[in-house]
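Engineer: Provided herewith is a single structure, encoded as structure tokens, for subsequent inquiry.
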Amino acid sequence: MSVQQFRLERESTINRSRVIRFWFNDTAHEGYQGDTLASALLANGVRLVARSFKYHRPRGIYTAGPEEPNALVQLEEGAYTEPNRRATEIEIYDGLRARSQNCWPSVDFDLGAASSFFDRLLPAGFYYKTFMWPRSFWMLYEKYIRRAAGLGRSPMEADPDCYDKTYAHCDVLIVGGGPAGIQAARAAGLAGARVILADERPGLGGSLLGEKYVINDRPAMDWVDERKSELSDMPEVCVLTRTTVTGYYDYNFLVANERVSEHLGPHNSGAPKERLWKIRARHVVLATGAIERPLVFADCDRPGVMLSSAIRNYIHRFSVLPGKRFVILTNNDTGYRTALDILDAGGMVAVIDIRSHPAGELPDTARNTGIRVLEARTITAVNYAKGTIRSVEVMQLSEDCTQVTGNAERIRCDTVGVSGGWNPTVHLFSQGRGTLRFCERNQCFVPDRPSRNNPVTLAGSCRATWRLGDCLKEGFDAGISAAGEAGFAMPGMTHEEDAVQDTDHHEPRPVWILPCEHPIGQGRKKHFHEMQNDATIADIALADREGFSSIEHLKRYTTTGMGTDQGKLSNLNALLALSEIQGVPMSGGRVTTYRPPYTPLTMGSIVGHDRRDLFLQRRKTPIHSWHDRAGAVYEDVGDWERPRYYPGPAETMHDAVQRECLAVRQSCGLLDASTLGKIDLQGRNCRWLLNMLYTNAWDNLSAGRCRYGLMLNEHGMVFDDGVTTCLDDNHYHMTTTTGGAARVMNWIEEWLQTEWPDLEVFATSVTEQWAVASLSGPNARALLSGLTDVPLDDASFPFMSCRNGTVAGIPARIFRISFTGELSFEINVPARYGLALWKALMDAGEEYRICPYGTEAMHVLRAEKGFIIAGQDTDGTVTPMDLGMDWIVSRKKEDFLGKRSFDRTDTARPGRKQLVGLLTEDPEFVIPEGTHVVKAMKNAPPMEMLGHVSSSYMSPNTGRSIALALIADGFNLKGQTLSVALMNGTGHHVTVTDPVFLR
Amino acid sequence: MLIITCPWCGQRDQSEFTAHGEAHVARPEHPEQLTESQWGDYVFFRSNPKGVHHERWVHTHGCRRWFNVVRDTVTDHIFATYRPGERKPEIKG
Ligand SMILES: [Zn+2]
């Protein structure tokens, strides 16, 4: 157990009365409630926390927030484990376990880095170049590259946590609970608007948490506490903490992720771990703040180098001084603020300012306090050994900051703070399609014009307003105007000024990439601008030389900004480097588009409760419970769960399907056909519509008669089929395929509503209103006659007709139609009687050894007769003529949907793919469906491909395997021998036949 | 995620709707009289503009009515929605 030797005595947001014990890389540590993993590690002097992604360089904690590029850890173990978590955001809890990533065998000694093998192996554009390698080279290096690549490990078990999802609507959504955001919430709340204020941290305060500001003569956090209680008294204001707004989409739709219970540990709460908020706001206020911009210098990635604002954060928010001796490297006044805070906290500090003669309140105060200030200088080397910085070397900068001169001075230190000024957090604004412009004064991109779809106001440092007093006023005004836009105008409400002590700000000297004694890219020192993906300024130069000179190409070639941090620190410096290399001003350059999410989301959060049984509604027929008891094996057809076969004791699928197929043809079988799509059509113009929807003629179909039809799209291609029955002249019962029911319903509705609105046709889906038992086989009539009052003889109930009556006392509509080719009755009863009907049929069928059969036997039986399944034997490129079904296409009808396309050159040409049967040379061999048919098998591709096998089964009633295939010019190939090309590289001879195998 | 004003139900979330391509592509009255290229235009070709686009949507998880939307394909701004058969609004992008 190490002691917290870097912990300060002063007050902060941590709760010292609550000691937290946690493990990092199997070492036990202590911290306090309120610590992040990063602050607790720094309090314990742990500086080396990770290895870098590509070169396996040692890395430390660089920031105190979501912009952290380095300190990524594997949090927790087993099923709870999560990779790539930023140590700067994890709130510690008792028993927390985290470990370093990319380290083998350990963070302190890493073989990958020790060999420095990766340095030479992985230049910019590496992943693209691998595609140009000879295959043998890839085989040689693959195992090394695979070990090196990737961040962290995914859990191998199902996530045991639960996640929630919620929708919210508000008048004003405020993103960011810093000074500007708090003021905006207060103002909008006073105006009476419904407000959501979201902030990613555990508490409000934003930048004030990490600073030593005074508001109204009291510590700024007192002001925050007062405002917080004021907000909690407003019933229409909802404050969400630990909530990151990660996405800004059209029409002010924003997604936020709330970490509900993670800070309590994995086992400590019945609450969901995270909750995804989907928020629709009338108006949005972005008060997202700014992120300090790094300076890029020789070996600036060493553990112990960090943002100067992060140092202030650790001092003020966590009472941690993350070192003893500090050097601050800065190009602006902010660095001096950090130096003064370090001094105040008891550390030793020197400031290296790249500017000559820096003047102003902060530099003057620093000098007067006795802090050593080195002007017009930069760090040219970071001497790092045994896990800590020992010293830095400092040299004089040339006038233009491109070179260093003179002798190096060595300054002892263990921590380096860097400040390159501030970079507004414009991610959400840009995601919401707001445009950005380059601000010369501040040398950064600032929000320009919002999208007209997304009413938004910005306040505070996210629009480069730096002074606290200005941020407070701007926030309040933003709240007023946002509420006003949302319909809550408050004329005359003005901002009561808070008294704020603030200092002057001076613009940074616009230099961020600092030279060392050798040119960048030569020598051993590396200038990392992108730490998470290990990209250097030299890589940018290389990418530009190799022609990847647009920012979009460069980004991908060097992987700048492609990490989990999306380049929050690196993007701007990469743009700058590119503009310097190309000699183009920044204002003329393009900035890449920011994409959601702002910080990564877990899959759990995105999925929420929509998993397992809640992922997709399963549709079950009213007879499902019987299938369950019969031990049915199911298959998914659309959203339906249909019995595929009913295995008997010790039966394989093959055994069961063969038995079911034989039973249907020898005696009788029973199929649950309730899933068939059913559409009730009523109205004066039904017949006209049917004539348009189907290829055949419907004029003379009389009441009680059924007709089969093919439905085509306007391309002339088959997309569904089914039997439609005339119940009376203005009333029809249409059936569709199980999977096509919704598509056909939409197809009919769209034509009726948009093209033929004057037709009187009412289409109603009745799929779920009817349960259907399809009784099929030579004994079907004998069986059914004992249960029904409907005469079943051929004369009174002919094929393709429909009768009403009762079956087993249940009112029923019986269709004499057949998909098996056997005598069949499809008995439709109101859905609630489905199970009773089924049981009655099974009981009565006992004497005929009735056999329930599933979809697999149904497929075999129909294939034996050469009946197609739309969607299996057709794929949207097949006409009725291609199916050999010319007989169903009316010659007389002037028009129907798709008809004109028959005459298109491509549709009418000879040699199209046509549906034929295939018989294998070996009658026991069943060709896998999807197999390609070739003219002749060769040893290797290319071979002339003729088509593919669409259906293929072992057919017990013909005693051999059968297959249907779509083959070019198939009708003319009947009788010929072709080959099917199997996955194992061999072929099998097949003979082309008629698709009807059983007559 | 858009907000779409269904002419029958009012403002609803995009997730309730389905897009059905370009609007005002009328089915030719006498297909048999068309040349192959005229029929091909109707079946295969759409204007696919960068900017103002009149398109057909359906309120799938609502009233199940089809209607038309004028949307800017670049900005996703919706200028107007209207019922089938209503006059096509003239919008300048
Ligand atoms: Zn509607």
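The values are calculated or read from the model by the stated rules, or taken from the named source; none is laboratory data. Just so it is clear, the model here is predicted, and its values are computed rather than measured. Virtual Cβ from ideal backbone geometry, glycine too; neighbours counted across all protein chains shown. Accessible surface areas use protein heavy atoms only, side chains included; no ligands, DNA or RNA. Shrake-Rupley method; radii C 1.70, N 1.55, O 1.52, S 1.80 Å.
Engineer: Return yes or no: is A:L670 at pLDDT 95 or above and in the same structural domain as A:A795 (by TED's automatic domain parsing)? Write out each step before concluding.
Structural biologist: Numbers: at pLDDT 95 or above: yes; in the same structural domain as A:A795 (by TED's automatic domain parsing): yes.
In short, yes.
Engineer: For segment B:58-68, how many residues meet the condition of being open to solvent by 50 Å² or more (accessible area, probe 1.4 Å) and either in contact with a Cys (Cβ under 8 Å, 6 or more places away or on another chain) or within 10 Å of another protein chain (Cβ to nearest Cβ) (or both)?
Structural biologist: First pass over segment B:58-68, keeping only residues open to solvent by 50 Å² or more (accessible area, probe 1.4 Å): B:61, B:64-65.
With the extra rule that they be either in contact with a Cys (Cβ under 8 Å, 6 or more places away or on another chain) or within 10 Å of another protein chain (Cβ to nearest Cβ) (or both), the set shrinks to B:64-65.
Here the count works out to 2.
Engineer: For segment A:227-303, which strands (runs of 3 or more DSSP E) that fit wholly inside it have 1 or more residues that are open to solvent by 20 Å² or more (accessible area, probe 1.4 Å) and touching a strand residue (DSSP E or B) at 6+ places or on another chain (Cβ under 6 Å)?
Structural biologist: Numbers: elements: A:237-240, A:243-249, A:253-259, A:274-286, A:290-292.
It comes to A:237-240, A:253-259, A:274-286, A:290-292.
Engineer: Tell me, yes or no, whether segment A:31-52 has at least one residue that is surrounded by fewer than 18 Cβ atoms within 10 Å (Cβ to Cβ) and β-branched (V, I, T). Working first, answer last.
Structural biologist: Let us first name the residues in segment A:31-52 that are surrounded by fewer than 18 Cβ atoms within 10 Å (Cβ to Cβ), namely A:33.
With the extra rule that they be β-branched (V, I, T), the set shrinks to none.
The answer is no, given that none of the residues of segment A:31-52 is surrounded by fewer than 18 Cβ atoms within 10 Å (Cβ to Cβ) and β-branched (V, I, T).
Engineer: Kindly establish whether B:G85 is within 11 Å of chain A (Cβ to nearest Cβ), free of Cβ contacts under 8 Å to residues at least 12 places away in the same chain, within 30 Å of A:E894 (Cα to Cα) and small (G, A, S).
Structural biologist: On the way: within 11 Å of chain A (Cβ to nearest Cβ): yes; free of Cβ contacts under 8 Å to residues at least 12 places away in the same chain: yes; within 30 Å of A:E894 (Cα to Cα): yes; small (G, A, S): yes.
Taking the combined requirement at face value, the residue satisfies it.
Engineer: Say whether the condition of being touching a strand residue (DSSP E or B) at 6+ places or on another chain (Cβ under 7 Å) and over 30 Å from A:A79 (Cα atoms) is met by at least one residue in segment A:592-612.
Structural biologist: Within segment A:592-612 (the criterion being touching a strand residue (DSSP E or B) at 6+ places or on another chain (Cβ under 7 Å) and over 30 Å from A:A79 (Cα atoms)), the answer is no, since none of the residues qualifies.
Engineer: Now for a separate question. Can you pull out every residue in segment A:336-377 that is touching a residue at least 40 places away in the same chain (Cβ under 8 Å), closer than 24 Å to A:L8 by Cα, part of a loop (DSSP other than H, G, I, E, B) and over 46 Å from the mean Cα position of the chain (by Cα)?
Structural biologist: The answer is A:G346, and nothing else.
Engineer: I'd like to check something: does segment A:930-952 contain any residue that is open to solvent by 10 Å² or more (accessible area, probe 1.4 Å), acidic (D, E) and at pLDDT 95 or above?
Structural biologist: No: segment A:930-952 contains no residue that is open to solvent by 10 Å² or more (accessible area, probe 1.4 Å), acidic (D, E) and at pLDDT 95 or above.
Engineer: Would you point out which residue out of A:V382, A:V426 is touching a Pro at 6+ places or on another chain (Cβ under 8 Å) and at pLDDT 95 or above?
Structural biologist: Values: A:V382 fails: touching a Pro at 6+ places or on another chain (Cβ under 8 Å).
Selected residue: A:V426, the only one of A:V382, A:V426 that is touching a Pro at 6+ places or on another chain (Cβ under 8 Å) and at pLDDT 95 or above.
Engineer: State which residue is most open to solvent (accessible area, probe 1.4 Å) when the search covers only segment B:69-85 and only residues that are farther than 24 Å from A:R433 by Cβ and within 15 Å of the ligand (Cβ to nearest atom). Reasoning before the result, please.
Structural biologist: In the first step, residues of segment B:69-85 are kept if they are farther than 24 Å from A:R433 by Cβ; the result is B:82-85.
Narrowing the set further to residues that are within 15 Å of the ligand (Cβ to nearest atom) leaves B:82-84.
Working: B:Y82: 11, B:R83: 90, B:P84: 41 Å².
Residue satisfying both the conditions and the ranking: B:R83.
Engineer: Just the residues that are surrounded by fewer than 17 Cβ atoms within 10 Å (Cβ to Cβ), more than 12 Å from chain A (Cβ to nearest Cβ) and part of a strand (DSSP E or B), please, taken from segment B:1-12.
Structural biologist: B:G10
Engineer: How many residues are touching a residue at least 24 places away in the same chain (Cβ under 8 Å) and part of a loop (DSSP other than H, G, I, E, B) when one looks only at segment B:55-82?
Structural biologist: Counting residues in segment B:55-82 that are touching a residue at least 24 places away in the same chain (Cβ under 8 Å) and part of a loop (DSSP other than H, G, I, E, B) gives 9.
Engineer: Please enumerate the residues belonging to segment A:756-771 that are loosely packed, with under 13 Cβ neighbours inside 10 Å and closer than 30 Å to A:L841 by Cβ.
Structural biologist: A:T764
Engineer: Something else: Examine segment A:571-586 for a residue that is modelled with pLDDT under 90 and within 29 Å of A:L286 (Cα to Cα), and state whether such a residue exists.
Structural biologist: Yes, segment A:571-586 contains a residue that is modelled with pLDDT under 90 and within 29 Å of A:L286 (Cα to Cα).
Engineer: In this structure, does A:K893 turn out to be open to solvent by 40 Å² or more (accessible area, probe 1.4 Å) and over 25 Å from A:H859 (Cβ atoms)?
Structural biologist: On the way: open to solvent by 40 Å² or more (accessible area, probe 1.4 Å): no; over 25 Å from A:H859 (Cβ atoms): yes.
In short, no.
For every residue, the table says whether it meets (1) within 13 Å of another protein chain (Cβ to nearest Cβ); (2) in a loop (DSSP other than H, G, I, E, B); (3) within 30 Å of B:I4 (Cβ to Cβ); (4) touching a strand residue (DSSP E or B) at 6+ places or on another chain (Cβ under 7 Å).
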| site | (1), (2), (3), (4) |
| --- | --- |
| A:L428 | no, no, yes, yes |
| A:R433 | yes, yes, yes, no |
| A:R437 | no, no, no, yes |
| A:R441 | no, yes, no, no |
| A:V446 | no, no, no, yes |
| A:S451 | yes, yes, yes, no |
| A:T457 | no, no, yes, yes |
| A:S461 | no, no, no, yes |
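Engineer: Just the residues that are over 17 Å from A:W747 (Cα atoms), assigned to a strand (DSSP E or B) and more than 11 Å from chain A (Cβ to nearest Cβ), please, taken from segment B:13-54.
Structural biologist: B:V52, B:H53, B:H54
Engineer: Let me ask something else about it. Which residues, taken from segment A:512-533, are touching a helix residue (DSSP H, G or I) at 6+ places or on another chain (Cβ under 9 Å), surrounded by 19 or more Cβ atoms within 10 Å (Cβ to Cβ) and part of a loop (DSSP other than H, G, I, E, B)?
Structural biologist: A:W512, A:I520, A:K526, A:H527, A:N533, listed by residue number.
Engineer: Need the failing condition index for A:A742 against (1) away from chain B (no Cβ under 14 Å); (2) within 29 Å of A:E635 (Cα to Cα); (3) of a type outside the set (V, I, T); (4) open to solvent by 60 Å² or more (accessible area, probe 1.4 Å), just the number.
Structural biologist: Result: A:A742 passes all but (1).
Conditions tested, residue by residue: (1) open to solvent by less than 10 Å² (accessible area, probe 1.4 Å); (2) in contact with a Pro (Cβ under 7 Å, 6 or more places away or on another chain); (3) not hydroxyl-bearing (S, T, Y).
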| site | (1), (2), (3) |
| --- | --- |
| A:A773 | yes, no, yes |
| A:G777 | yes, no, yes |
| A:T788 | no, no, no |
| A:I814 | yes, no, yes |
| A:S824 | yes, no, no |
| A:A844 | no, no, yes |
